[in-house]
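Contents: one structure, followed by commentary.
The values are calculated or read from the model by the stated rules, or taken from the named source; none is laboratory data. All values derive from a computational prediction rather than experimental measurement. Quick reminder, even Gly has a Cβ in these numbers, built from the backbone with ideal geometry, and neighbours come from all protein chains shown. Quick note on the areas: whole protein, heavy atoms, side chains included, nothing else; ligands and nucleic acids left out. Shrake-Rupley method; radii C 1.70, N 1.55, O 1.52, S 1.80 Å.
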Amino acid sequence: MISTATDWIRNAKLIAIMTGAGVSAESGIPAFRGAGGLWRSFRAEDLASPQAFARDPKLVWEWYDWRREIVAKAEPNPAHHAIALLQKARRDCTLITQNVDGLHDRAGSVAILKLHGDIWRMRCTRCAAEWPDRRVPLPSIPPKCQCGGMARPAIVWFGEPLPPGIWSSAESAAETCDVLLVVGTSAVVYPAASLIPSARAAGAKVIEVNPEETPVSGSVDCSLRGSAGAILPELAESILQ
Ligand code: OAD
């Protein structure tokens, strides 16, 4: 199966890669669903929605501060590095991620389409200014903008639209690619998950890398069952040799 996937990627003119929390699992960052997933211990509606933030910004910020601390200690793993290597070798390779942890950036990937935002960026709830902030832990919660307004994480919460420019670039990458490589996502969060059937409908081969079966496993062209940290380096090596 891996040799078929390798051939498809090697022969593709345009490649798109979409990643989810599973690509960072081997860096020690908990995913959202499944055993040990964040949504097993926390309710998304209490922590990752505009309503939750309006009700209790301090609680929401404490949770993000805790996650920032976990992410700050994490290092990119062989899967992040293999993706960065592929992107460097193949300029026609677009990386779309649902992750907010910044590990793809740290591995050297560029022009990343971050569908769900970035945990290292803040946005003012009053003036909408955005800025990077890597302080861990934050010195005061909730953090403030220079204008005095309250800052929120520059992350897409449940019920919020995706950044329109990023979303349309991701849609067009999915609709024009010859191969879509889907890595470490449960493929249940929309609209991100809709890129998978869109790519297939437009004629791309879809390859899934995941140790578990997902709702899209039955409809992809090739399922590589295993961890991203093992499979991605093997794929990259055989593609780039
Ligand atoms: P999930 O936590 O829903 O799914 C993680 C997927 O990674 C599962 O299918 C696992 O089987 C798989 N997985 C686990 N370990 C892996 C490994 N070592 N290698 C490869 N795959 C592995 O995460 P997402 O699909 O990314 O939204 O979740 C989508 C969105 O839901 C997130 O972006 C987040 C969340 O609520 C926001 O923050 C807006």
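For the reader, a short list of remarks on this structure follows.
- Taking N as its residue count, the alpha carbon Rg of region 15-90 over 2.2 N^0.38 Å: 1.34
- Angstrom value of the Kirkwood radius, inverse mean 1/r, which spans all Cα pairs in region 160-207: 11.0 Å
- Relative contact order of the chain, defined on C-alpha pairs under 8 angstrom at six or more residues apart (%): 25 percent
- Gap separating the Cα centres of region 131-153 and region 158-182, nearest whole Å: 29 Å
- Approximate spin-label separation residue 111-residue 131, in nm, with each point projected 7 Å along Cα-to-Cβ: 3.0 nm
- With Cα atoms, 0 to 90° folded angle of helix 2-11 axis to the chain main axis: 90 degrees
- Here the translational diffusion coefficient of region 1-142 follows from Stokes-Einstein with Rh set to the Kirkwood radius across Cα pairs; for 25 °C and 0.890 mPa s it amounts to 146 µm²/s.
- Between residue 168 and residue 4, the contour length at 0.36 nm per residue exceeds the Cα-Cα span by 56.1 nm.
- Carbon/sulfur fraction of accessible area - the chain, other protein chains in place, 1.4 Å, %: 54 percent
- Exposure rule at most 16 other beta-carbon atoms within 10 Å, DSSP loop chymotrypsin sites (Phe, Trp or Tyr not before Pro): the chain longest free segment: 43-157
- Exposed loop sites, defined as trypsin sites (Lys or Arg not before Pro) outside DSSP H, G, I, E and B with at most 14 other Cβ atoms within 10 Å, are absent from the longest region of the chain, namely 136-224.
- Our helix-only sum for the chain, with -39,500 (n - 2.57) per DSSP H run of n ≥ 4 divided by its residues, gives a mean residue ellipticity at 222 nm of -10500 deg cm²/dmol.
- Residue 24 exposes around 0 Å² of accessible area when a 1.4 Å probe is run over every protein chain in place.
- Between helix 57-73 and the chain: long-axis angle, C-alpha atoms, 0 to 90°, nearest 10: 50 degrees
- With a Förster radius of 25 Å applied to the C-beta separation of residue 201 and residue 230, the computed FRET efficiency comes to 0.25.
- Region 92-155 - convex hull of the alpha-carbon atoms, volume per residue in Å³: 90 Å³
- Solvent-accessible heavy-atom area per residue, rounded to whole Å², over the chain at 1.4 Å: 46 Å²
- Using 0.36 nm per residue and subtracting the Cα-Cα separation, the extra length available between residue 45 and residue 69 on full extension is 6.5 nm.
- Cross-link partners of residue 73 among lysines (Cα-Cα below 22 Å; sequence separation of 8 or more within a chain): 114
- From phi via Karplus (6.51, -1.76, 1.60), per-residue ³J(HN,Hα) for region 129-135 in Hz, x at Gly/Pro: 4, 10, 8, x, 8, 10, 6
- Set of aspartates and glutamates near residue 144 by C-alpha distance (under 15 Å), chain-local residues within fewer than 8 positions excluded: 62, 65, 130, 133
- Counting only DSSP beta bridges whose two residues both lie in the chain, roughly 30 percent are antiparallel.
- Each of 89, 59, 23 was placed along the dipole of the chain (beta-carbon charges, centred on the mean Cα), and the one lying farthest toward the positive end is 59.
- Counted over all Cα-Cα pairs of the chain, pairs farther apart than 24 Å make up 45 percent.
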